[in-house]
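Participant: Can you keep this structure in mind? I'll have questions shortly.
The values are calculated or read from the model by the stated rules, or taken from the named source; none is laboratory data. Given the structure is predicted, the values throughout are model-derived calculations rather than measurements. All Cβ positions, even for glycine, are placed from backbone atoms using ideal geometry, and neighbour counts span all protein chains on display.
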Amino acid sequence: MPQPPKHPTPNRQPDGPGRRIVPGLATRRLAVDILSAVTEYGRPLDQELESRAASPAFRALEPNDRALMRALVGTTLRRLGEIDDILEELMARPLSDKANRVRQILRLGAAQLLFLDIPDHAAVSLAVELADEDHRVGRGFKGLVNGVLRTLARARDEILDGRDADRLDTPDWLWQRWLAHYGEATTRAIAAKQRIEPYLDISVKSDAERWAGDLGGLLLPTGSIRLEGAGAVEKLAGFAEGAWWVQDAAAALPARLFGDVAGLDIADLCAAPGGKTAALAAAGARVTAVDISAERLKRLATNIERLKLQDVSTVAADLERWDPGRQFDGVLLDAPCSATGTIRRHPDVALSKTEAQVGDLAALQSRLIARASDWVKPGGMFVYCTCSLEPEEGEAQIDAFLARRPDFALVPVVPAEIGGLAEVITPSGTLRTLPSHLDNEDPRLAGLDGFFIARLKRVPAP
C-alpha cells in the first residue's frame, strides 16, 4: 500500500456560488477532499473529520449523507490496496502526481462499485461530475474516469476473482512482521477483520444487562455492550444522563485488572480520551488523569462531568518531565504506540505509520515505564498497555522491564477476570487481544482492538 508523503495541510477549495446542485455530489466531493487530506498529506482521519464537521459543506449535509460520507471514506481506506491494484490494472499508464485529484475520484468510485451497496450508474455518473466540475482535475480526465469506472462495473466479478485482499490491503512491513510473529493463518484473520468497520462498543457505569436491553445491544462476556447501527451517539438513551461512555471492549480491560479500586489512589497516565479514567472513577477510585495534551484533557473533563463522576483530577504534563511528588496505590500506563491494533477502527493508521516509528516508540515506552513504575507504592499494582500488535511495544517491553527490576513481579490474568476470554491470555499471563478474537456470525459484531496488557505488582521490601 502507498505511504503518504509529508506535506503541509492541503488547500481546500471553498464551497460557494457556482457549484452545481446534483443529489449526492456534495457528499462525494467532501469524501474526496478528506481522502486527499489523509492519503496525500498524512492528516489523521479523526482529526480531519472533526475539522470538517465545522465546515459549511458538512453542515449542509443531511444526517444520512454524513453517515454515507464516512462510509465512503472508511471503505476506500480499508480497501485501498485492492482498489489501487485494480485501478493500475485498468489504466493504460499510471497517473502522475499532478493528477492526484483524479486518483481520489477514481478510488472513491471504485470503492462504491466494488464494496458498497450503491447503484453503478450513481457511482459512475457522480464520479464523472466530480471530474468535470473540479478545476484541479484538468482537461481530458472526465473521459478517463468514465471509461475506467464503466469497465470496472461491467467486469467487477472477474476483476475481483483471485485477488489476495488480505495481502493487498495490508502494508508490506506490517504483513512481514505479523507473519513472523503470529503466523500466516492469524495474520490473514487479522487482515480480514481490519477490512470490516466494527460496530460501536460502550462501557456502562452499572447494570450492563439492563442497558444492553434498553439499547438493543449485545452484552459481551467482558461486560461491554456492542451496538448495531447506533447512529448519532449523543442521541442514544443514557448518553445525556451519563450512564455510559464509548470505549472498545479491549480498551476496557486494563482498568479491570486492578480489581477492587474503591478508595484507592490511581494514576491514569496518557489518560485521554478518558475511558479508563471513567472506569476507575466509576469503580470508586480517586483518579489523577495525566496527559500531554491540555486540549484532550478538556474533553476528558467534559466527559467526566457528563458521567457525573467524582474524585478525578487532571494534569497536563509530559511524563518524561512530570514529577507527582508522591506514589500511588496503582498506576495505569497506556503508552503512546504505533496503534497497529486499531486499524479496523482507524484505517488511516495503515497509511500513516512506518516500521521506523515502531522502534522510536518502543524507546519512548521503555523510558515511560521506567519513570511510571517508580510512582507505584510497594505492594501496589502497575498496569501497562498499548493498542499495538507489535511485540517490541508489548511482550518485549515487559520482559526487559522485569529483567532490570526485581522489585516487580508479573501477576498473571485468569479468565474469570475478563469474562472467560481465555483465548486472549498468553502463556505468561499477560493479555494479547487481536482483531480476530471474539468471533460472531455477523462480522461487524465480531473482533476486538489489538491490545497488549500486562499487570505487575511492586514487591514490598523484605
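Participant: Just one of the numbered conditions (1) in contact (Cβ under 8 Å) with a residue 60 or more places away in the chain; (2) touching a strand residue (DSSP E or B) at 6+ places or on another chain (Cβ under 9 Å); (3) surrounded by 17 or more Cβ atoms within 10 Å (Cβ to Cβ) is not true of PHE408; which one?
Facilitator: Going through the list (1) in contact (Cβ under 8 Å) with a residue 60 or more places away in the chain; (2) touching a strand residue (DSSP E or B) at 6+ places or on another chain (Cβ under 9 Å); (3) surrounded by 17 or more Cβ atoms within 10 Å (Cβ to Cβ), PHE408 breaks only (1).
Participant: Continuing with this model, one more query. Considering every residue within the stretch 429-439, establish whether at least one is in contact with a strand residue (DSSP E or B) (Cβ under 7 Å, 6 or more places away or on another chain) and in contact (Cβ under 8 Å) with a residue 60 or more places away in the chain.
Facilitator: yes
Rundown of residues vs (1) farther than 25 Å from ALA189 by Cβ; (2) touching a residue at least 40 places away in the same chain (Cβ under 8 Å), yes/no style:
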| site | (1), (2) |
| --- | --- |
| ALA350 | no, yes |
| THR354 | no, yes |
| GLN357 | no, no |
| TYR384 | yes, yes |
| GLU392 | no, no |
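Participant: Right, another one. Within the stretch 189-210, can one find any residue that is free of Cβ contacts under 8 Å to residues at least 40 places away in the same chain and either more than 26 Å from GLY275 (Cβ to Cβ) or under 21 Å from the mean Cα position of the chain (by Cα) (or both)? Don't jump to the end; show me each part of the working.
Facilitator: In the first step, residues of the stretch 189-210 are kept if they are free of Cβ contacts under 8 Å to residues at least 40 places away in the same chain; the result is 191, 207-210.
Then drop every residue that is not either more than 26 Å from GLY275 (Cβ to Cβ) or under 21 Å from the mean Cα position of the chain (by Cα) (or both), which leaves 191.
Looking through the stretch 189-210, at least one residue is free of Cβ contacts under 8 Å to residues at least 40 places away in the same chain and either more than 26 Å from GLY275 (Cβ to Cβ) or under 21 Å from the mean Cα position of the chain (by Cα) (or both).
Participant: Look at ARG70 and say whether it is surrounded by 22 or more Cβ atoms within 10 Å (Cβ to Cβ) and assigned to a helix (DSSP H, G or I).
Facilitator: On the way: surrounded by 22 or more Cβ atoms within 10 Å (Cβ to Cβ): no; assigned to a helix (DSSP H, G or I): yes.
Judged against the criteria, ARG70 is not a match.
Table: residues versus (1) touching a residue at least 12 places away in the same chain (Cβ under 8 Å); (2) surrounded by 17 or more Cβ atoms within 10 Å (Cβ to Cβ).
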{"site": "GLU62", "(1), (2)": "no, no"}
{"site": "LYS98", "(1), (2)": "yes, no"}
{"site": "VAL102", "(1), (2)": "yes, yes"}
{"site": "LEU108", "(1), (2)": "yes, yes"}
{"site": "ALA122", "(1), (2)": "yes, no"}
{"site": "PHE141", "(1), (2)": "yes, yes"}
{"site": "VAL145", "(1), (2)": "yes, yes"}
{"site": "ARG156", "(1), (2)": "yes, no"}
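Participant: Looking at the stretch 188-245 only, could you name the residues that are closer than 30 Å to ASP172 by Cβ, in a loop (DSSP other than H, G, I, E, B) and of a type in the set (A, V, I, L, M, F, W, C)?
Facilitator: If the condition is that a residue be closer than 30 Å to ASP172 by Cβ, in a loop (DSSP other than H, G, I, E, B) and of a type in the set (A, V, I, L, M, F, W, C), then ILE196 is the only one that fits.
Participant: Restricting attention to the stretch 101-158, and to residues there that are assigned to a helix (DSSP H, G or I), charged (D, E, K, R) and under 16 Å from THR27 (Cβ atoms), which single residue is modelled with the lowest pLDDT?
Facilitator: Filtering the stretch 101-158 down to residues assigned to a helix (DSSP H, G or I) leaves 101-115, 120-133, 141-154, 156-158.
This time we only want the ones that are charged (D, E, K, R), so: 101, 103, 107, 120, 129, 132-133, 142, 150, 154, 156-158.
With under 16 Å from THR27 (Cβ atoms) added as a condition, the list becomes 107, 129, 133.
On the way: ARG107: 98, GLU129: 92, GLU133: 84.
So, considering only residues that are assigned to a helix (DSSP H, G or I), charged (D, E, K, R) and under 16 Å from THR27 (Cβ atoms), the one modelled with the lowest pLDDT is GLU133.
Participant: With ARG458, ARG444 as the choices, which residue is of a type in the set (Lys, Arg) and modelled with pLDDT under 95?
Facilitator: Details: ARG458 fails: modelled with pLDDT under 95.
Within the list ARG458, ARG444, the selection yields ARG444.
Participant: State whether one or more residues within the stretch 419-435 are in contact with a His (Cβ under 9 Å, 6 or more places away or on another chain), closer than 17 Å to ALA339 by Cβ and in a loop (DSSP other than H, G, I, E, B).
Facilitator: Let us first name the residues in the stretch 419-435 that are in contact with a His (Cβ under 9 Å, 6 or more places away or on another chain), namely 421, 423-424.
Cutting the leftovers down to closer than 17 Å to ALA339 by Cβ gives us none.
There is no residue in the stretch 419-435 that is in contact with a His (Cβ under 9 Å, 6 or more places away or on another chain), closer than 17 Å to ALA339 by Cβ and in a loop (DSSP other than H, G, I, E, B).
Conditions (1) out of contact with any helix residue (DSSP H, G or I) (no Cβ under 9 Å at 6 or more places or on another chain); (2) within 23 Å of ARG167 (Cβ to Cβ), marked per residue:
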site: LEU87; (1), (2): no, yes
site: LEU90; (1), (2): no, yes
site: ARG93; (1), (2): yes, no
site: ASN100; (1), (2): no, no
site: ARG103; (1), (2): no, yes
site: LEU108; (1), (2): no, yes
site: LEU116; (1), (2): no, yes
site: ALA127; (1), (2): no, no
site: LEU130; (1), (2): no, no
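Participant: Out of ARG195, ARG210, ARG177, ARG188, which single residue is in the same structural domain as ALA272 (by TED's automatic domain parsing) and of a type outside the set (A, V, I, L, M)? Give the steps one after another, and end with the answer.
Facilitator: On the way: ARG195 fails: in the same structural domain as ALA272 (by TED's automatic domain parsing); ARG177 fails: in the same structural domain as ALA272 (by TED's automatic domain parsing); ARG188 fails: in the same structural domain as ALA272 (by TED's automatic domain parsing).
Selected residue: ARG210, the only one of ARG195, ARG210, ARG177, ARG188 that is in the same structural domain as ALA272 (by TED's automatic domain parsing) and of a type outside the set (A, V, I, L, M).
Participant: Now for a different question. So is ALA363 within 30 Å of GLU228 (Cα to Cα) and outside the structural domain of VAL38 (by TED's automatic domain parsing) or not? Break it down into steps so the answer makes sense when it comes.
Facilitator: On the way: within 30 Å of GLU228 (Cα to Cα): no; outside the structural domain of VAL38 (by TED's automatic domain parsing): yes.
No, not satisfied.
Participant: From the residues in the stretch 347-362 that are of a type in the set (D, E, K, R) and crowded, with 21+ Cβ neighbours inside 10 Å, which one is farthest from the chain's Cα centre (by Cα)?
Facilitator: LYS353
Participant: Return the total of residues in the stretch 189-234 being hydroxyl-bearing (Ser, Thr, Tyr) and in contact with a strand residue (DSSP E or B) (Cβ under 9 Å, 6 or more places away or on another chain).
Facilitator: Initially, the stretch 189-234 is screened for residues hydroxyl-bearing (Ser, Thr, Tyr), giving 199, 203, 206, 222, 224.
Filter once more, so that each one left must be in contact with a strand residue (DSSP E or B) (Cβ under 9 Å, 6 or more places away or on another chain): 199, 203, 224.
Total meeting the criteria: 3.
Participant: Now for a separate question. Residues in the stretch 83-100: is at least one at negative phi and under 24 Å from the mean Cα position of the chain (by Cα)? Spell out the reasoning first.
Facilitator: Keep residues of the stretch 83-100 that are at negative phi, which gives 83-100.
If we keep only those that are under 24 Å from the mean Cα position of the chain (by Cα) too, we end up with 83-84.
There is at least one residue in the stretch 83-100 that is at negative phi and under 24 Å from the mean Cα position of the chain (by Cα).
Participant: Is it the case, given these coordinates, that ARG43 is surrounded by 15 or more Cβ atoms within 10 Å (Cβ to Cβ), in contact (Cβ under 8 Å) with a residue 24 or more places away in the chain, in a loop (DSSP other than H, G, I, E, B) and of a type in the set (D, E, K, R)?
Facilitator: Values: surrounded by 15 or more Cβ atoms within 10 Å (Cβ to Cβ): yes; in contact (Cβ under 8 Å) with a residue 24 or more places away in the chain: yes; in a loop (DSSP other than H, G, I, E, B): yes; of a type in the set (D, E, K, R): yes.
Considered against the rule, which asks whether it is surrounded by 15 or more Cβ atoms within 10 Å (Cβ to Cβ), in contact (Cβ under 8 Å) with a residue 24 or more places away in the chain, in a loop (DSSP other than H, G, I, E, B) and of a type in the set (D, E, K, R), ARG43 comes out as yes.
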